[in-house]
Amino acid sequence: MGSCMLFVGTYRDNEVQVGHAVFDLMENLKISNVPTNKVSLTGLDQENVNEMISDALCLYPRICKPLSDIVFQKTKGNPFFVLEFMQSLQSRDLLQYDSCLKRWVWNEDTIRAEEITGNVLHLLSSKMNQLPNDMQLLLKVMACFGASTKEPVISYLAESPEYSDVRNGLEGVISDGFVEVHEEGYIKFVHDKVREAAYNLIPDRDKKQLHYKLGKTLYSICEGKDVGNTIFLIASQINHGKEFIEKDDALRIPVAKLNMKAGKMAFDGCDHKMAYHYFVAALSLLPDDSWESNYDLSLRLNFMTARAANSSCRYDEAELTLRTIFERAWCLNDKLPSYFLLVTIFLAQGQPNEAFDICSSILAQLGETVPDTVTVEMVGGMIPETLSMYSEVYGDDWLGKQMENTNLCSIVKLYSTIATAAFFCKPHMVGYFVCKMVQMSLRNGVCQHTPLALMQLSTMAIQINNAASVHRIAKNALVLSEKFGSSDQKICINYYMGAGQLESHLSCSNKLRKGFASGLSSGDANTAFFCASHGVYFSIISAEKDLTSLLKEIDYYLLLLETHKSELTKKFLLCFRETVATLIDRGETTGIDAKLSYADAYDLGPGNKLLASLYFQEVFRNYWLGYTERCHHYAQKSMSISKQENFSTSIMKFYHGLNILDILKKKASYPKSLEVDEIIESMKVAASHTETNFRNKLELLEAEHFGITARHDVAMRAYDAAIVSAQKAGFLHEQGLACEKAGFYCKRMKYDEKALEYFNQALECYQKWGSSVKVDFTRKELGKLSVNQANSGAKGVFIRKKL
């Protein structure tokens, strides 16, 4: 999602038909609102061809006109074709230099009478057929390798007796203009038509065998050498001869290992589709009894294939390959990596209950008991206990103690994985699993899964308002993550659910976008889109982006999800999209048919995160739309399933508190609300942890509360403070909201001139935010105020007394 990138793509419109992938790409770019320009490059016109030939022959254009007309008729103005056609005329003596006349001469009638094809491939092939054998051999070899070839590859081939002459033809094909040498060490065909003509020198019946022979020759020469990316070329060439390999049992396993090595290198380079094809090629070469005769190779290769299939969106193939492993692997330890991958697939497909059940079953087989029920009280006791244990062993010595028991490492990873599944379908159990894996690390030493366990614990610590522990634990998690060389995006997500809450919500959005890009490139699409959905959430609550840009970002993710099929993330994004579209224009022009239903959320079980998110978004958008009763209804539902305090519940309480105060304003008298007092107290705690995110919210709640309790001087100062704090934090929408609330307060107090000032400030904020709903609402209020002023003939007086 980098903003500074230029992509240039080319194709020939006469070589692609409707339905080709290039047209799908252009359509997807258009749908995703990616700015694109389409430039059509046609051939030269007759005048241009005449000028070109005139310059080449050093003759006046009027003299060359008859010849250029013939050339244009044959070539349709294709510049490369023009050059080849002119060279063809010269080689056939149809274009000659007359030394007496000291100029080029030709006979138009002779040229017209000759049966010269207009096909450039025929011209090139005719020219190549007249070349010496060593030059033809080099062209054929290079054509098998593609548009370009590395110079070392030619050198490798020259070591073999069969291709010892291959370098001899290099100078000739360069001087004849067929290929050119680049500084990067590549020998490249000057045009793809030249490569096509060179490839046509090979009879069709011999092409497959030549590819195979080249690959086999390179393999025998390069075996044991570090040839880098050349391994892709070797594997691709030798794979052309699968029918020959299958007849030679001695070659099957070595070539399978070659493909596995190429696949691993492609996977490590984030080319998951290419990796998948190499792994599949390797699997196809294994003998029928490979699970008995080559167990380790079969196990590793099947797992790599399933992983690459998952990363390249071939979920059915991935699951089918994993089932094979479960059937053929000898023991549970050999199956564990495959179970973890299957859980990842289930989570991506929106099946957290199935993922949870698998983890629970495996833990039971490893001697761990997963309780059927976990109470809030149980978790509430485990968190302080775990934090106390952590404080006792905290220090550099503990960070250096390694967990030596591999079985325990697997159990820690299983607890981490089941915690992720529980996050969606059994959120009340997350704390239990997090505490279990942290306690295991505290007792037995750290492993590569401990950083994520600690980061998840930091999210628990923030729920009990232990900010000091949050920072300390998160710091340890990051240190350990670097120590183990981990780039797990789940650590990134949990950081912003824990210690990251103490940072600006604006910065969280951008960092989570980077997590998305990193996760997608590493093949972990499930975690990547989890980062994306959290980034969108932070953008919504912080107004980090204007709403129109945010809607485009969400639609971009949804478009990608048509391929990646992360159903659970899609449900979250649809929920967020409805909020954004509603705030822009109530969804009148921005809405789509696909929406999240409550049935989708209920399917995951009671109190799940999707349902909690749905309730939160209902509170958020209904408050902004001014639907006080609906807002209050969903706030009650949200609090009924969100028992633990976290940043989401704090933000929900902010809007719930404002909504209660709006309801109280409609009453004849203002009864005291204990709930509002409790919300203000909780907001003070949140602001003490992170002023940037919650100071403006606390000040606005206090301003509203002061206003309805007739503490007018304090109210105005609180409104102004809320406006300034929101502006400093970058919360544009909440800055506008504070201005709007201050405007209504001044309007009630008959300070119309000051009210106009505040409403105009609110209007400016809402325009920048991109909410037409709030812009229209504010303009109506401004219109009412203007009418009031015109009718009264008085501006009103605003007086602020000193306390």
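Some values worked out for this structure:
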item	result
Residue in region 313-321 that is of a type outside the set (Gly, Ala, Ser), buried (at least 22 other Cβ atoms within 10 Å of the Cβ) and part of a helix (DSSP H, G or I) present	yes
Pick from region 401-424, criterion touching a Lys or Arg at 6+ places or on another chain (Cβ under 9 Å) and at pLDDT below 85, ranking: farthest from residue 477 (Cα to Cα)	424
Among the candidates 430, 376, residue that is β-branched (Val, Ile, Thr), farther than 21 Å from residue 336 by Cβ and buried (at least 22 other Cβ atoms within 10 Å of the Cβ)	430
Condition check for residue 370: at pLDDT below 95, touching a helix residue (DSSP H, G or I) at 6+ places or on another chain (Cβ under 7 Å), under 29 Å from residue 432 (Cα atoms) and not in a helix (DSSP H, G or I)	yes
Test for residue 137: is it crowded, with 16+ Cβ neighbours inside 10 Å, at pLDDT below 90 and touching a Phe, Trp or Tyr at 6+ places or on another chain (Cβ under 9 Å)	no
Members of region 662-690 found to be surrounded by 14 or more Cβ atoms within 10 Å (Cβ to Cβ), of a type in the set (Gly, Ala, Ser), modelled with pLDDT under 85 and within 42 Å of the chain's Cα centre (by Cα), listed by number	686
Test: residue in region 560-574 that is in contact (Cβ under 8 Å) with a residue 24 or more places away in the chain, of a type in the set (Asp, Glu) and in a helix (DSSP H, G or I)	yes
Residues of region 595-636 classified as open to solvent by 50 Å² or more (accessible area, probe 1.4 Å) and at pLDDT below 90, total	7
Identity of the residue in region 519-536, part of a helix (DSSP H, G or I) and not small (Gly, Ala, Ser), that ends up farthest from residue 566 (Cα to Cα)	536
Scope region 173-189; condition surrounded by 15 or more Cβ atoms within 10 Å (Cβ to Cβ) and touching a Phe, Trp or Tyr at 6+ places or on another chain (Cβ under 9 Å); matching residues	178, 179, 189
Subset tally (residues that are among the aliphatic types (A, V, I, L, M), part of a helix (DSSP H, G or I) and at pLDDT below 90) for region 439-453	3
Filter result (part of a helix (DSSP H, G or I), surrounded by fewer than 23 Cβ atoms within 10 Å (Cβ to Cβ) and at pLDDT below 90) within region 691-741	691, 692, 708, 712, 713
Condition check for residue 744: of a type in the set (Phe, Trp, Tyr), touching a helix residue (DSSP H, G or I) at 6+ places or on another chain (Cβ under 9 Å) and open to solvent by 10 Å² or more (accessible area, probe 1.4 Å)	yes
Cβ-Cβ under 6 Å pairs, at least 6 apart or on other chains, region 381-409 side on the phi < 0 side of the Ramachandran plot and open to solvent by less than 40 Å² (accessible area, probe 1.4 Å), far side at pLDDT below 85 and part of a helix (DSSP H, G or I)	383/460; 387/469
In region 276-291, the residues that are over 15 Å from residue 254 (Cα atoms) and at pLDDT below 95	288, 289
Long-range neighbours under 9 Å by Cβ, at least six apart or interchain, first residue closer than 30 Å to residue 515 by Cβ and modelled with pLDDT of 75 or more within region 2-30, second among the basic types (Lys, Arg) and open to solvent by 90 Å² or more (accessible area, probe 1.4 Å)	26/38
Hits in region 502-514 - residues which are at pLDDT below 80 and open to solvent by less than 10 Å² (accessible area, probe 1.4 Å)	505, 508, 509
Among the candidates 520, 551, 561, 573, residue that is under 21 Å from residue 28 (Cβ atoms), in contact with a helix residue (DSSP H, G or I) (Cβ under 6 Å, 6 or more places away or on another chain) and open to solvent by 40 Å² or more (accessible area, probe 1.4 Å)	520
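For (1) exposed (fewer than 15 other Cβ atoms within 10 Å of the Cβ); (2) of a type in the set (Gly, Ala, Ser); (3) closer than 30 Å to residue 548 by Cα; (4) in contact with a Gly (Cβ under 7 Å, 6 or more places away or on another chain), each residue gets a yes or a no:
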{"residue": "35", "(1), (2), (3), (4)": "yes, no, yes, no"}
{"residue": "57", "(1), (2), (3), (4)": "no, no, no, no"}
{"residue": "60", "(1), (2), (3), (4)": "yes, no, no, no"}
{"residue": "72", "(1), (2), (3), (4)": "no, no, no, no"}
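The values are calculated or read from the model by the stated rules, or taken from the named source; none is laboratory data. It should be emphasised that the depicted structure is a prediction, and the values quoted were computed from it without experimental measurement. With ideal geometry, Cβ positions are generated from the backbone for all residues, glycine too; neighbour counts draw on all protein chains shown. Protein only, heavy atoms only, side chains kept; ligands, DNA and RNA dropped before computing areas. Shrake-Rupley method; radii C 1.70, N 1.55, O 1.52, S 1.80 Å.
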